[in-house]
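Note sheet for the following structure.
We did not get these values from a lab; they are worked out from the coordinates using the rules stated. Given the structure is predicted, the values throughout are model-derived calculations rather than measurements. Cβ atoms come from the backbone with ideal geometry, glycine included; neighbour counts cover every protein chain shown.
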Amino acid sequence: MALQWIRGTVAEKKIWSDGLFTLSIRAPGVVPFEPGQFLQVGVELPDKHLHRPYSVASPHAETLDFFIVRVDQGELTPRLWNLELGAQIDVSAKATGGFTLSHTPVAKHLWLLATGTGLAPYIAMLREGSLWKSYERVVLVHGVRFLSDLAYIDELEAYRNKLPDRFVFIPVVSRATAEHGFQGRITHAIETGKLEDLAQTPLRTDSSAVMMCGNPQMLDDVESLLNARGLIKHRRNEPGHYVVERYW
């Protein structure tokens with residue numbers, strides 16, 4: 001079925017670091033969706049319509065946020081990077097995807113693991129707020145290479161300050177040391193037990209639900225680590241402990 005498009009405009013452009021940015025697109029008419037789902041974003045070229053799927057970094061509204069990394073050899077992201085305020089841009093009318101809280105097991109603790117722009121769906125979930133009805137404590141882990149890649153820091157620290165007993169934010173930076181964080185990779189932080197120490201929260205079968213989104217190698221490695229602890233993938237007909245979103 002052909003995609004239906006909403007003609008939107010760039011309402012705001014937030015640059016976190018060179019090549020890492022959030023586009024806020026005003027696109028009234030997008031059908032209501034769940035945080036964690038994705039929409040297609042695209043531009044009209046003389047010979048084709050160029051578009052890619054992006055998780056939305058905000059709940060449903062007339063203006064939607066998309067957290068994007070520029071791929072210099074890519075066709076689309078350099079064009080998105082160069083858009084100015086007021087520029088026209090297309091957004092698909094309907095969202096898709098099952099990486100949502102409604103497809104995630106309920107547990108005492110919710111772990112949100114991300115690398116890079118895999119943070120986007122979690123920002124939408126935190127802003128929408130319904131996750132607090134199902135989980136006593138939320139631990140968000142964001143893995144990046146450099147400190148400059150840690151986007152949304154002020155917003156995440158605000159949640160931490162407002163809900164110190166219910167929200168934990170752990171930056172994991174492979175090439176530097178972040179405050180309140182871990183130097184290295186998410187997998188190493190899990191293997192050594194340091195991640196649970198920093199979170200002051202156990203990662204185990206009787207209390208944990210895990211969502212993970214980002215680099216495919218991280219997803220594969222974390223799945224193996226969780227399986228070794230007895231946690232299994234959550235499926236509709238086979239309840240488990242974790243769900244995975246693969247961008248590529």
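The table below gives the values:
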{"item": "Chain lengthening between Ser174 and Ile15 when straightened (0.36 nm per residue, less Cα-Cα)", "result": "55.1 nm"}
{"item": "Mean Kyte hydropathy of -1.0 or more with a Cα span along the axis of at least 15 Å, helices from DSSP in the chain", "result": "216-228"}
{"item": "Per-peptide average of other Cβ atoms within 10 Å, ordering 195-202, 112-119 highest first", "result": "112-119, 195-202"}
{"item": "Lys, Arg +1 and Asp, Glu -1 on Cβ, resulting dipole of the range 1-122 about Cα centre, debye, nearest 20", "result": "240"}
{"item": "Length added when fully stretched, Glu128-His188, from 0.36 nm per residue minus Cα-Cα", "result": "18.5 nm"}
{"item": "Entries in Lys162/Lys194; Lys14/Lys162; Lys14/Lys108; Lys13/Lys108 that, when Cα-Cα distance is taken, lie over 28 Å", "result": "Lys14/Lys108; Lys13/Lys108"}
{"item": "From phi via Karplus (6.51, -1.76, 1.60), per-residue ³J(HN,Hα) for the range 42-57 in Hz, x at Gly/Pro", "result": "x, 10, 8, 9, x, 10, 6, 9, 9, 8, 9, x, 9, 4, 8, 8"}
{"item": "Sequence-distant residues sharing a close amide H with Val210 (under 5 Å, placed H)", "result": "Trp111, Tyr242, Val243"}
{"item": "Sequence-distant residues sharing a close amide H with Trp16 (under 5 Å, placed H)", "result": "Phe21, Thr22"}
{"item": "Nonlocal amide H pairs with His60, under 5 Å, H built at 1.01 Å", "result": "Phe33"}
{"item": "Per-residue [θ]222 nm for the chain (sum of -39500 (n - 2.57) over DSSP H runs n ≥ 4, rounded to 500)", "result": "-5500 deg cm²/dmol"}
{"item": "Ellipsoid equivalent to the range 1-89 - semi-axes via the Cα gyration tensor, in Å", "result": "19, 16, 13"}
{"item": "Under 17 Å from the Leu147 label point (7 Å along Cα→beta-carbon), backbone N, the range 2-26", "result": "16-18"}
{"item": "The chain: antiparallel DSSP beta bridges as a percent of all, rounded to 5", "result": "55"}
